[in-house]
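Trainee: One structure, pasted below without further comment.
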Amino acid sequence: MEKTELMEILELENWEEFQYFEQFLLLMEHYNEIDEEVFLEVFTQISDDELACYFEMYFDDMITGIPEDNMDVYKIFSTVKSILTAMAKEVKTSMRVADNLVFELIRFQNWMMEEAMVKCIHTQDDTVEEVSIWDALILFRIERLNIGKYRLQFPDDISYHIDEFEGAESHIFNDEDSMDEEETYLIDPENPVII
């Protein structure tokens, strides 16, 4: 998706009009249609404080859909929220951090949508549908709008790259000009994990 198409979807004439959380939600819903370069350009058009606030609100909204007895899932979302929000605060300071933010956001969104691993049980008739994490949290939003009523069951063995994220935070605020190129990258393009 080109930037002009994205602006039409968001109903923007210029990026100064991007100032509402609802616009950020719409942006996230179209993430798989947006090129990384466009994402990067969009994020650099928004102030770091606002971008960090949008990420925090976005993850807080998703976390409300996680059942209380799913601490592993909660930890995954809380950790990713912490790291991506910290990155968002440094987008204009470091292009390396900005690149990493876009990469890790897309990687996390893809993980949420990659397979049907959550059981959504409709409480009215106990019918069960297996959906992705992404779709399960969408169903939770529908429930909040009183369109349906669902009980979510996340798998016990759910996992994400939490160890990588927990070790990454100390690298976020490094001055890219004072370090070797190899050291300042959080992500190796040949082997895309946080190092």
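The values are calculated or read from the model by the stated rules, or taken from the named source; none is laboratory data. Because the structure is predicted, anything quoted here is derived from the model rather than measured. Here the Cβ positions follow ideal geometry from the backbone for every residue, glycine too, while neighbour counts run over all protein chains shown.
Trainee: Has segment 129-141 got any residue that is of a type in the set (G, A, S), at pLDDT 85 or above, part of a loop (DSSP other than H, G, I, E, B) and touching a strand residue (DSSP E or B) at 6+ places or on another chain (Cβ under 8 Å)?
Mentor: Yes, the conditions are met somewhere in segment 129-141.
Trainee: Now for a separate question. All but one of (1) modelled with pLDDT of 80 or more; (2) surrounded by 14 or more Cβ atoms within 10 Å (Cβ to Cβ) hold for D126, so report the exception by its number.
Mentor: (2)
Trainee: Pull out all pairs, ordered by first then second residue, where Cβ-Cβ is under 9 Å, the residues are six or more apart or on different chains, the first lies in segment 11-37 and is more than 23 Å from F108 (Cα to Cα), and the second is among the β-branched types (V, I, T) and part of a loop (DSSP other than H, G, I, E, B).
Mentor: Correct list of pairs: W15/I46; F18/I46; Q19/I46.
Trainee: Got at least one residue in segment 82-100 being exposed (fewer than 15 other Cβ atoms within 10 Å of the Cβ), under 24 Å from Y160 (Cα atoms) and aliphatic (A, V, I, L, M)?
Mentor: no
Trainee: Let me ask something additional. Applying the selection to segment 90-124, what residues are of a type in the set (A, V, I, L, M) and in a helix (DSSP H, G or I)?
Mentor: M95, V97, A98, L101, V102, L105, I106, M112, M113
Trainee: Check whether at least one residue in segment 57-67 is of a type in the set (F, W, Y), surrounded by 14 or more Cβ atoms within 10 Å (Cβ to Cβ) and touching a Lys or Arg at 6+ places or on another chain (Cβ under 7 Å), and report yes or no.
Mentor: Scanning segment 57-67, I find at least one residue that is of a type in the set (F, W, Y), surrounded by 14 or more Cβ atoms within 10 Å (Cβ to Cβ) and touching a Lys or Arg at 6+ places or on another chain (Cβ under 7 Å), so the answer is yes.
Trainee: Regarding I34, is this residue farther than 22 Å from M95 by Cα and either loosely packed, with under 15 Cβ neighbours inside 10 Å or under 15 Å from the mean Cα position of the chain (by Cα) (or both)?
Mentor: No.
Trainee: May I pose another question? When you check M87 against the structure, is it touching a helix residue (DSSP H, G or I) at 6+ places or on another chain (Cβ under 7 Å), at pLDDT 90 or above and in a helix (DSSP H, G or I), yes or no?
Mentor: Considered against the rule, which asks whether it is touching a helix residue (DSSP H, G or I) at 6+ places or on another chain (Cβ under 7 Å), at pLDDT 90 or above and in a helix (DSSP H, G or I), M87 comes out as yes.
Trainee: M1 passes all but one of (1) within 16 Å of A88 (Cβ to Cβ); (2) in contact with an Asp or Glu (Cβ under 6 Å, 6 or more places away or on another chain); (3) not hydroxyl-bearing (S, T, Y); which number fails?
Mentor: (1)
Trainee: Among (1) farther than 20 Å from K92 by Cβ; (2) crowded, with 16+ Cβ neighbours inside 10 Å, where does V42 come up short?
Mentor: (1)
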